[in-house]
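Asker: If you scroll down you'll find the structure; I have some questions about it.
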Amino acid sequence: MLDFLYLNGWGAMLMVLFLFIPFLIIFVYVVYKKSTGQGSADSASSGLSTVEWVWMALVLVVFVGVNVISISYMPTVQTARAAVDEANIQQVNITAGSWFYDISTPLLINGSNRTVEVGPVRFSGTSSDTMHSFAIYDPDGDVLFTMMLMPGNPLKGMKSALKGPTSIVYTFDKPGTYTVRCLEYCGINHHNMRDQLIVVAGNN
Amino acid sequence: MASPTTIVGNIPFFGRMFAVDQSTGLEDINAWPALMIMTSFIWLAVAGLLGVVMPLVQFLDLGPLGPDLYYTALTGHGAALAFPFVFQLMVGVGLHRMGSCRGQPITGPIPALIYIFMNAGALLLTVAILFGLKISLVVMYPLPVVGVQTGQWSMNVVILGFTGIALVLITMIILYPIQVIKMAFFGKARQELLLSPRSLQDPGMLGMLMAAFVLLIAGIPLLIVASTILGFLYGIVPPFLASWAAETVVFQFAFFIFAHNLMEAMALMVISAVYATLPLYLADGTRKLYSEPLARIALWILLLTSLTSFFHHFITLFPNLPAALAYHGNIMSFGTGIGSALSIFTILATIWKHGLRPAPGLMAILLGFVLYILDGASAVVTSNVAWSFQLHGTMWQSGHTMTVLVSMALMWMGVLYHHYPVITGRQIDEQLGNLFVKLCAVGCVGGAVVMLAGGAAGMPRRFADWGQGGWMGYGTLILIFGLILGIAYVVYAVSLYRSREIAGAEFNKLLVDGGWGTVR
């Protein structure tokens, strides 16, 4: 349940509805009930200060709870966990350009160098020209993660002293053909900048 | 140069909506706001048409022309909507609030420069877009330069577009804040202009002032970076001096520190306007918020938490960002939610305690506030580090941006209904005003939910091929709700166009009931 909530776009949608719908119901109720022009100041105001404290306590509990639980789903924590649990993290290097990916994976299967095994994979990427992103969609079409790939200085031959490649560790748990898309607008052929990654069952 | 009143009077259709009432002696606070507001609605018409083009070209098989048209419309729509429409509307109504609450005239060179720089800048950017510059609303630096290197557009249109952007930035970062600060702290109040006196501590004024300082402080770094790059493009600044500013990471940081705080500043301003306007429509005539200290605390929390929550823009931009900074952006974003929770309580408690006198303007403001909360929920969720990695770059972000802009525009349009009689001496058609609110409720909430759902389903933003991942259904719904919203805006325009003149005792009664005092 928590995995779905924090690792899926629809989980995020559920959280928005969880936060918004109770507010909407109360807001509409109060505005509708009080729109008759029948203000009853004395009786209606009693107990508001108690409600104020209860309301703020509720907001704090929800906000703190949502964020504390989310810590274990942060990519940095996932990366640390993968590093502890698994000795071998597969390395995939990516260089993005307009409008292609140069991907190098450790496996070469059926002539494809876009193959990794089920398990943790470290994706390290950079861009050779403008801002791109590297987003992986699972075979069902859900976004697993996206990371932006930032270039250097266009006035200095794309080399930058201020940044190295960005990287993230993701642990694949099922084989399949995954789609790679650029999710950062990068020019007139942006929508055609896509690739694929094949995840195969591991030997272990 | 013709006076703003004359210019408004000479513009067909739009001029009729905002013709300034010259009989009240209030031209010094009415003229420039009327011209700014009128021009903002012209830009809204442009943005609206381009907004419809985006989904339409996805449905029509136009070959290579399709993506070209889509990305042109995308860039033009965002550029017209965010700055010359929403920001200019906000400046127009905001300055009118400032003038009438502080008794300060809106005259002299600064209001003129605000108007000229904003609209000339937006016009130059639009011309550059029509000549091929497709860099989206957020510039996507270094795409403008790379686009030249890859033959997508010419350096001339980049220089033209950047010049336009620079003029718009000068308006938002320098001219507007200076005008607000000038009206807040300098000059003697003119009693005849002081219609609704407010101190600077009043929650209805405090947010205006906070926003001016936020824009000034958060915007200066971007102005320096952008000026350096523009100076290089013009050949004024040599490459070795411009090199640091051209670093992608430098530009991105400067850009998002400003862009993020621009939105937060606009939120501070509009929440302040809500705090000022709501009490004037209470059923028992109290004209006071449930708690002014609570309202002030809400604004201060929003200000303090929003200032550094910009780090949430870098969660996926730099996955290597130290976890503490990423989480700081995360927590501060939820902190803005605490400010919003206090605002929700203040507004609901005020209504609960004193009852409501429903009027189209107030209902538009309240609907805008509901949308603002929906947007806030989507914003804090996508600012969470875990969710950010699934949502960034998807239609979720476009839904968030569109909803925040539309919600703020809606609140300002509601506030404008309240200011309208003072500016024009006319009263809006209330039936049409109510219809506007109802249509907006359907178009705005429906559009926001569909765009968020599209993002949850992985639909990319700024993407010319919705069919690629089976996202056309979301696109169809976006078009439908967008058209409903477009109709709502037309109804709003007609409600102003068909406004009826009010004079004498009727005018005075309307102004007294509206909390303005008597002006004739």
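Asker: Could you grab me the full set of residues in segment A:172-188 that are part of a loop (DSSP other than H, G, I, E, B), more than 7 Å from chain B (Cβ to nearest Cβ) and either touching a His at 6+ places or on another chain (Cβ under 6 Å) or aromatic (Phe, Trp, Tyr) (or both)?
Answerer: A:182
Asker: I'd like to check something: does segment B:48-57 contain any residue that is in a helix (DSSP H, G or I), free of Cβ contacts under 8 Å to residues at least 40 places away in the same chain and among the small types (Gly, Ala, Ser)?
Answerer: No, because not a single residue in segment B:48-57 is in a helix (DSSP H, G or I), free of Cβ contacts under 8 Å to residues at least 40 places away in the same chain and among the small types (Gly, Ala, Ser).
Asker: So residue B:34 passes all but one of these: (1) touching a Phe, Trp or Tyr at 6+ places or on another chain (Cβ under 9 Å); (2) modelled with pLDDT under 95; (3) within 24 Å of residue B:190 (Cα to Cα). Which condition number does it fail?
Answerer: Going through the list (1) touching a Phe, Trp or Tyr at 6+ places or on another chain (Cβ under 9 Å); (2) modelled with pLDDT under 95; (3) within 24 Å of residue B:190 (Cα to Cα), residue B:34 breaks only (2).
Asker: Could we say that residue B:458 is within 14 Å of another protein chain (Cβ to nearest Cβ), surrounded by 20 or more Cβ atoms within 10 Å (Cβ to Cβ) and either among the acidic types (Asp, Glu) or within 16 Å of residue A:13 (Cα to Cα) (or both) here?
Answerer: Working: within 14 Å of another protein chain (Cβ to nearest Cβ): yes; surrounded by 20 or more Cβ atoms within 10 Å (Cβ to Cβ): yes; either among the acidic types (Asp, Glu) or within 16 Å of residue A:13 (Cα to Cα) (or both): yes.
For residue B:458, the condition - within 14 Å of another protein chain (Cβ to nearest Cβ), surrounded by 20 or more Cβ atoms within 10 Å (Cβ to Cβ) and either among the acidic types (Asp, Glu) or within 16 Å of residue A:13 (Cα to Cα) (or both) - is met.
Asker: Next question. Take the residues in segment B:335-360 that are within 26 Å of the chain's Cα centre (by Cα) and not in a helix (DSSP H, G or I); name whichever of them is nearest to the other protein chains (Cβ to nearest Cβ).
Answerer: The selected residue is B:358.
Asker: Please pick out the residue among B:494, B:490 that is more than 14 Å from chain A (Cβ to nearest Cβ) and free of Cβ contacts under 8 Å to residues at least 24 places away in the same chain.
Answerer: Details: B:494 fails: free of Cβ contacts under 8 Å to residues at least 24 places away in the same chain.
Answer to the selection: B:490.
Asker: Among the numbered conditions (1) of a type outside the set (S, T, N, Q); (2) within 14 Å of chain A (Cβ to nearest Cβ); (3) in contact (Cβ under 8 Å) with a residue 24 or more places away in the chain, tell me where residue B:140 comes up short.
Answerer: Of everything listed in (1) of a type outside the set (S, T, N, Q); (2) within 14 Å of chain A (Cβ to nearest Cβ); (3) in contact (Cβ under 8 Å) with a residue 24 or more places away in the chain, residue B:140 misses just condition (3).
Asker: So, residue A:16, is that one farther than 30 Å from residue A:189 by Cβ, at the interface with chain B (Cβ under 7 Å from one of its Cβ atoms), modelled with pLDDT of 95 or more and assigned to a helix (DSSP H, G or I) or not?
Answerer: Yes.
Asker: A further question on this structure: Only one of B:311, B:318 is more than 20 Å from the chain's Cα centre (by Cα) and not in a helix (DSSP H, G or I). Can you tell me which? Spell out the reasoning first.
Answerer: Working: B:311 fails: not in a helix (DSSP H, G or I).
Criteria check complete, one pass: B:318.
Asker: State whether one or more residues within segment B:197-216 are farther than 30 Å from residue B:423 by Cβ and among the small types (Gly, Ala, Ser).
Answerer: Start the filter on segment B:197-216 by keeping residues that are farther than 30 Å from residue B:423 by Cβ, which leaves none.
No - not one qualifying residue is present in segment B:197-216.
Asker: Looking only at segment A:106-153, which residues are touching a residue at least 24 places away in the same chain (Cβ under 8 Å) and over 25 Å from residue B:394 (Cβ atoms)?
Answerer: A:107, A:109, A:112, A:115, A:117, A:118, A:119
Asker: Just give me the residues in segment A:75-92 being within 20 Å of the chain's Cα centre (by Cα) and surrounded by 14 or more Cβ atoms within 10 Å (Cβ to Cβ), in sequence order.
Answerer: Those that are within 20 Å of the chain's Cα centre (by Cα) and surrounded by 14 or more Cβ atoms within 10 Å (Cβ to Cβ): A:75, A:76, A:77, A:78, A:79, A:81, A:82, A:92.
Asker: Within segment B:383-396, track down each residue that is within 19 Å of residue B:311 (Cα to Cα) and either more than 14 Å from chain A (Cβ to nearest Cβ) or outside any strand (DSSP E or B) (or both).
Answerer: The first filter runs over segment B:383-396 and keeps only residues within 19 Å of residue B:311 (Cα to Cα), leaving B:383-394, B:396.
Once the filter is applied, which keeps residues that are within 19 Å of residue B:311 (Cα to Cα) and either more than 14 Å from chain A (Cβ to nearest Cβ) or outside any strand (DSSP E or B) (or both), segment B:383-396 yields B:383, B:384, B:385, B:386, B:387, B:388, B:389, B:390, B:391, B:392, B:393, B:396.
Asker: Taking segment B:361-382 on its own, how many of its residues are more than 26 Å from residue B:430 (Cα to Cα), more than 8 Å from chain A (Cβ to nearest Cβ) and not hydrophobic (A, V, I, L, M, F, W, C)?
Answerer: Matching residues across segment B:361-382 total 2.
Asker: Just give me the residues in segment A:140-171 being of a type outside the set (A, V, I, L, M, F, W, C), at positive phi and either modelled with pLDDT under 65 or touching a His at 6+ places or on another chain (Cβ under 8 Å) (or both), in sequence order. I'd like the intermediate steps shown before the answer.
Answerer: Quick first cut of segment A:140-171, residues of a type outside the set (A, V, I, L, M, F, W, C) only: A:140-142, A:146, A:151-154, A:156-157, A:159-160, A:163-167, A:170-171.
Keeping just the survivors that are at positive phi gives A:141, A:157.
Across segment A:140-171, the qualifying residue is only A:157.
Asker: Could you go through segment A:105-118 and let me know if any residue there is among the small types (Gly, Ala, Ser), in a strand (DSSP E or B) and at pLDDT below 95.
Answerer: Here is the first cut: in segment A:105-118, the ones among the small types (Gly, Ala, Ser) are A:111-112.
With the extra rule that they be in a strand (DSSP E or B), the set shrinks to A:112.
Then keep just the ones that are at pLDDT below 95; that gives A:112.
So far as segment A:105-118 goes, yes, one or more of its residues are among the small types (Gly, Ala, Ser), in a strand (DSSP E or B) and at pLDDT below 95.
Asker: Scan segment B:127-144 for residues that are farther than 18 Å from residue B:169 by Cα and either among the aromatic types (Phe, Trp, Tyr) or not assigned by TED's automatic domain parsing to the domain that holds residue B:166 (or both) and jot them down.
Answerer: B:131
Here's the yes/no breakdown for (1) away from chain A (no Cβ under 14 Å); (2) under 22 Å from the mean Cα position of the chain (by Cα); (3) of a type in the set (A, V, I, L, M, F, W, C):
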position: B:214; (1), (2), (3): yes, yes, yes
position: B:221; (1), (2), (3): yes, yes, no
position: B:237; (1), (2), (3): no, no, yes
position: B:242; (1), (2), (3): no, no, yes
position: B:253; (1), (2), (3): no, yes, yes
position: B:262; (1), (2), (3): yes, yes, yes
position: B:268; (1), (2), (3): yes, yes, yes
position: B:275; (1), (2), (3): yes, yes, no
position: B:283; (1), (2), (3): no, no, yes
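Asker: Let me ask another. Within segment B:417-452, which residues are crowded, with 21+ Cβ neighbours inside 10 Å and farther than 24 Å from residue B:29 by Cα?
Answerer: Within segment B:417-452, B:433, B:436, B:437, B:440, B:443, B:444, B:447, B:448, B:450, B:451, B:452 meet the criteria.
The values are calculated or read from the model by the stated rules, or taken from the named source; none is laboratory data. Since we're looking at a predicted model, the values are computed, not measured. A quick note on method: Cβ atoms are made from the backbone with ideal geometry, for glycine too, and the neighbour counts reach across all protein chains shown.
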